[in-house]
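Working notes, structure below.
Values quoted throughout were computed directly from the atomic coordinates according to the rules given, and no laboratory measurement underlies them. Note that the coordinates shown come from a computational prediction; the quantities given were computed from them, not determined experimentally. Neighbour counts run over all protein chains shown; Cβ positions are idealised from the backbone, glycine included.
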Amino acid sequence: MKKILSKAESVLAVLLANPVFAESEKHIDQYKLNMTEGVTDISAKVYDLHMLMFWICVVIGAGVFIAMFISMYFHRKSRGYKPATFHESVKVEIAWTVIPFIILIAMAVPAANLLFDMEDASEPDLTVLVTGSQWKWHYKYMDNDVEFFSKMATQAEQIDGKFAKNENYLLEVDRALVIPTGKKVRFLITSDDVIHAWWVPDFAVKQDANPGFINDAWAKVEQPGVYRGQCAELCGKDHGFMPVVVVAKEPAEYDKWIAEQQAIQQKAKEEEQRLLAMNMTMDEAMALGEKVYNANCAACHMPNGEGLPGVFPALKGSQIALEDQPKHIDVLVNGVTGTAMQAYAKQLSMSDLAAVVTYERNAWGNNTGDLVQAKDINAAINGK
Amino acid sequence: MTTVTDDSHHDDHHEHHIPTGIKRWLYTTNHKDIGTLYLWFAFIMFLTGGAMAMVIRAELFQPGLQIVDPNFFNQMTTVHGLVMVFGAVMPAFTGLANWLVPMMIGAPDMALPRMNNWSFWILPFAFLILLSSLFMEGGGPAFGWTFYAPLSTTYSNDGTALFVFAVHIMGASSIMGAINVIVTIVNMRAPGMTYMKMPLFVWTWLITAFLLIAVMPVLAGAVTMVLTDKFFGTSFFDAAGGGDPVMFQHIFWFFGHPEVYIMILPAFGIISAIVPTFARKRLFGYASMVYATASIALLSFIVWAHHMFTTGMPVGAELFFMFATMLISVPTGVKVFNWVATMWRGSMTFEVPMLFALAFIVLFTIGGLSGLMLAITPVDFQYHDTYFVVAHFHYVLVTGAIFSIMAAVYYWLPKWTGKMFHIGLAKWHFWCSLVSVNVLFFPMHFVGLAGMPRRIPDYALQFADFNKWISIGGFAFGLSQLIFLALLIKACKKQGEPVSGQVWEGAEGLEWEIPSPAPYHSFETPPEVK
Ligand code: HEM
Ligand SMILES: [Cu+2]
């Protein structure tokens, strides 16, 4: 069957001169049909229950369809078949009400048991707070002083078809969540703006991230590896570009990693203080600002600063970007409540913020000549 | 079974007063005219929503963004869903009810003919408003047909006001249509037409109408709360003001789940009319069909949160909604078993309406079975918001509701026009649709299980090959509907062989006892049903 399909397909591929076909043949399982068994005890049980349900449905369906096709074949007028006259039978009708009911109970019991296991997130070894926002994830280790954002790393050029797409197209991030194997990890899941859903198929974990509320889920991963998922709840424009990547490491390696991260984040904080005293040149600020802008702002305000009319405002030629510098910094630092504009003070360093304000005030012909420094941002945040 | 008084004399008399041209259609209070209006409107909406689906499938033909930007893609999925649900399926069923309910119960018209006119004529405006929002600054609604808050409130564009207004009008139209159906059925049955003698199409529509009256106001409430949250500073769905975004989903699905049965119960009625005709055998288990319909309708009020298993409900609630949802498959099963038992030892022929009805039974059953899988909460965590769900609801809605509507049109069209439709075209339409619809929707099960989320404009490479097939199936299904369009135009030009009053050899019921085409005024003197 698979063979016939791919044969017919190669003909089509030639006809349509579709480049995707040739490319994707390399390493990707193109005809993956079924749910993953995953890498946790729970995900394996979910898979088993899924297969049980599947086969029960196949049997019921086959029974119905066979009966139907028998009568379509034998009981047809063209064969001279004369219609019977029966049109009810209490016995049969009771039977096909009661038997399905019993089958349902047989399904409900294992399902309920598994559900209790899945929902029992008590006594974790480790807790991570997962916060969704348009369109990235934030991970905060509750037992260590480590937190970071995780954004899709696929380049825009791959999406636009200018570059070839690589193996993990759309499923790769700049910084993955790292967890230890063999430990019960609890995920506390919430959101800063709209509803998202954090989904890792290999863990059979999918939980909505609701703004203002916290959900929990858990996983105990046995094998080290890289596990990929996506946001599963429509969350606006870039919903399709919000992958989840989790790396599971042996506990010893994990401990090393987390200690490293803690040190790095500590140092970054000290560095920040030092940078406050330093001034960037216009060129430095513009270069850094462009990088920060494309990574954080361009999704809504667009790379050309023109925004999406009626949805996201333009920065090019906007009154705030041209004139009102304090307001510009305020919007960036504190966000605008009741809109998609987030508060970036907790997402970016002060020098990044300074650079991006500078960039926005000088790019796309905004040409104000304003150069903003980290200390200006610090003044806005801390009132100094 | 019945005696019909000859009323052709009256018809001649009335025929003189029918205004012509646009006025006839604007002012009409005739149930047949209004039925025709509803059906054409639904078909135009079906093609409009279909065109949007073509945009979606063209974008998803291969990985990467080629044709539309993600924001417009979201508008397409949203408006496609709204147009198909509220513009195609529901008006088509209302159109069928208008044509058929009076003829099936021996009534001269609907009980409230002026309201009937009104409930139709506000609909085009609702959709004009909705569709025109696509061309305004910021574009149309982009938050999915389920318009979850706060994506539809704080994070939507100002066009949301138009969406809300449009939904209000659609709701008002549906409620008026439902009142009309109920009043007609309760008061205007011919003497001797007791409830348990009514054709199942009448029964299922009666129950559907009660569902509509129960839940359309809930939808109206939901959109109104979205409106005030967005524009007037309330916080129904905003935690910062003491509200709860998940409450939105409870309210929406309290409407939404009965809504999906609103879109399938009349289909059950249609199939229950067609199968006995072409099996030449009475419907098996008439009474149990009625009870099954009623129990489905009642159960449909207590299963809504099966759409919300991942929102973080307490385990007790998850269990309740899982069990209740599983329960609903029992009466649904009874229906399918009854149809098969009706065919069993019948004397079957396979005219076009029967072909659609048989396809319905098989493909709807597939959709029902995937529904049963979705009901199992622990596994639904994996299925939810993937293409597996998309496959499920397209099997029940396209090969379910839409196929039943097509079956109904083929079955009753000769009665309406007095001419047999072009059978060759109809068979082409059927076979092209049947093959393409499965190429379109069946592989969605696979990509869904393999992990492809729904409502995304671009996808990872492992989904590429199935998506290409799905798109090809989609284009083929879209094109197949043009055959239907050609056939309908021919039928409206009254081309084809004249047919008898009974049309189909095995057809039974009052509508087959009047001449074909059905006179403009039928049953002015009620027939007597024995
Ligand atoms: C045996 C009967 C059925 C069962 C047990 C069932 C079960 C379910 C479940 C559990 C879901 C939620 C899946 C998820 O989002 O994770 C669902 C979705 C859906 N079902 Fe069904 N279903 C049945 C029949 C139907 C019928 C008859 C229709 C309509 C004619 C229908 C239309 C839908 C729609 C439109 C959705 C998706 C809505 C959305 O999220 O946009 N279902 N069904
Ligand atoms: Cu439902």
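Quick rundown of the values:
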{"item": "Hits in the range A:196-218 (condition: in a loop (DSSP other than H, G, I, E, B) and at the interface with chain B (Cβ under 7 Å from one of its Cβ atoms))", "result": "A:Ala204, A:Asn210, A:Gly212, A:Phe213"}
{"item": "Scope the range A:219-232; condition within 15 Å of A:Val246 (Cα to Cα) and either assigned to a strand (DSSP E or B) or of a type in the set (A, V, I, L, M, F, W, C) (or both); matching residues", "result": "A:Ala219, A:Lys220, A:Val221, A:Gly225, A:Val226, A:Tyr227, A:Arg228, A:Gly229, A:Gln230, A:Cys231"}
{"item": "Flag if B:Met110 is assigned to a loop (DSSP other than H, G, I, E, B) and closer than 16 Å to B:Thr28 by Cα", "result": "yes"}
{"item": "Tally of residues being surrounded by fewer than 24 Cβ atoms within 10 Å (Cβ to Cβ) and touching a residue at least 60 places away in the same chain (Cβ under 8 Å) across the range B:208-220", "result": "3"}
{"item": "Filter result for B:Leu397 (part of a helix (DSSP H, G or I), within 11 Å of another protein chain (Cβ to nearest Cβ) and near ligand 1 (Cβ under 10 Å from one of its atoms))", "result": "no"}
{"item": "Those residues of the range B:279-335 which are among the polar types (S, T, N, Q), within 10 Å of ligand 1 (Cβ to nearest atom) and farther than 24 Å from B:Leu212 by Cα, in sequence order", "result": "B:Thr310"}
{"item": "Identity of the residue in the range A:181-195, assigned to a loop (DSSP other than H, G, I, E, B) and within 24 Å of A:Met341 (Cβ to Cβ), that ends up farthest from the other protein chains (Cβ to nearest Cβ)", "result": "A:Asp192"}
{"item": "Some residue of the range A:373-381 being surrounded by fewer than 16 Cβ atoms within 10 Å (Cβ to Cβ) and in a loop (DSSP other than H, G, I, E, B)", "result": "no"}
{"item": "All positions within the range B:354-372 that are closer than 18 Å to B:Leu327 by Cβ and either away from ligand 2 (no atom under 16 Å from the Cβ) or among the charged types (D, E, K, R) (or both)", "result": "B:Thr365"}
{"item": "Residue count, the range B:47-77 (criterion: out of contact with any Lys or Arg (no Cβ under 6 Å at 6 or more places or on another chain), polar (S, T, N, Q) and touching a residue at least 40 places away in the same chain (Cβ under 8 Å))", "result": "4"}
{"item": "Subset of the range A:248-269 [among the aliphatic types (A, V, I, L, M) and either free of Cβ contacts under 8 Å to residues at least 60 places away in the same chain or closer than 17 Å to A:Asp125 by Cα (or both)]", "result": "A:Ala248, A:Ala252, A:Ile258, A:Ala259, A:Ala263, A:Ile264"}
{"item": "Residue selected from the range B:292-319 under the condition in a helix (DSSP H, G or I) and without any contact (Cβ under 8 Å) to a residue 12 or more places away in the chain, by the criterion nearest to ligand 2 (Cβ to nearest atom)", "result": "B:Leu298"}
{"item": "Among the candidates A:Val221, A:Val244, residue that is touching a strand residue (DSSP E or B) at 6+ places or on another chain (Cβ under 7 Å) and away from chain B (no Cβ under 12 Å)", "result": "A:Val221"}
{"item": "Filter result for B:Phe232 (among the aromatic types (Phe, Trp, Tyr), buried (at least 24 other Cβ atoms within 10 Å of the Cβ) and more than 25 Å from the chain's Cα centre (by Cα))", "result": "no"}
{"item": "Inter-residue pairs, beta-carbon under 7 Å, first at negative phi and in the range B:505-519, second among the hydroxyl-bearing types (Ser, Thr, Tyr) and buried (at least 18 other Cβ atoms within 10 Å of the Cβ), 6+ apart", "result": "B:Gly506/B:Thr277; B:Ala507/B:Thr277; B:Ile514/B:Ser522; B:Pro517/B:Thr417"}
{"item": "Selection count where residues are assigned to a loop (DSSP other than H, G, I, E, B) and within 23 Å of the chain's Cα centre (by Cα), scope the range A:301-334", "result": "3"}
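Residue-wise test of (1) within 16 Å of ligand 2 (Cβ to nearest atom); (2) over 30 Å from B:Phe321 (Cβ atoms); (3) within 14 Å of chain A (Cβ to nearest Cβ); (4) not aromatic (Phe, Trp, Tyr).
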residue: B:Ile376; (1), (2), (3), (4): yes, no, yes, yes
residue: B:Val389; (1), (2), (3), (4): yes, no, yes, yes
residue: B:Trp412; (1), (2), (3), (4): no, yes, no, no
residue: B:Ser433; (1), (2), (3), (4): no, yes, no, yes
residue: B:Phe441; (1), (2), (3), (4): no, no, no, no
residue: B:Val447; (1), (2), (3), (4): no, no, yes, yes
residue: B:Asp465; (1), (2), (3), (4): no, yes, yes, yes
residue: B:Phe477; (1), (2), (3), (4): no, yes, no, no
residue: B:Leu482; (1), (2), (3), (4): no, yes, no, yes
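Listed here are the residues, each with its yes/no results for (1) among the acidic types (Asp, Glu); (2) under 16 Å from A:Gly289 (Cβ atoms); (3) without any contact (Cβ under 8 Å) to a residue 40 or more places away in the chain.
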{"site": "A:Gly307", "(1), (2), (3)": "no, no, yes"}
{"site": "A:Ala314", "(1), (2), (3)": "no, no, yes"}
{"site": "A:Ala321", "(1), (2), (3)": "no, yes, no"}
{"site": "A:Asp324", "(1), (2), (3)": "yes, no, yes"}
{"site": "A:Ala345", "(1), (2), (3)": "no, no, yes"}
{"site": "A:Ser351", "(1), (2), (3)": "no, yes, no"}
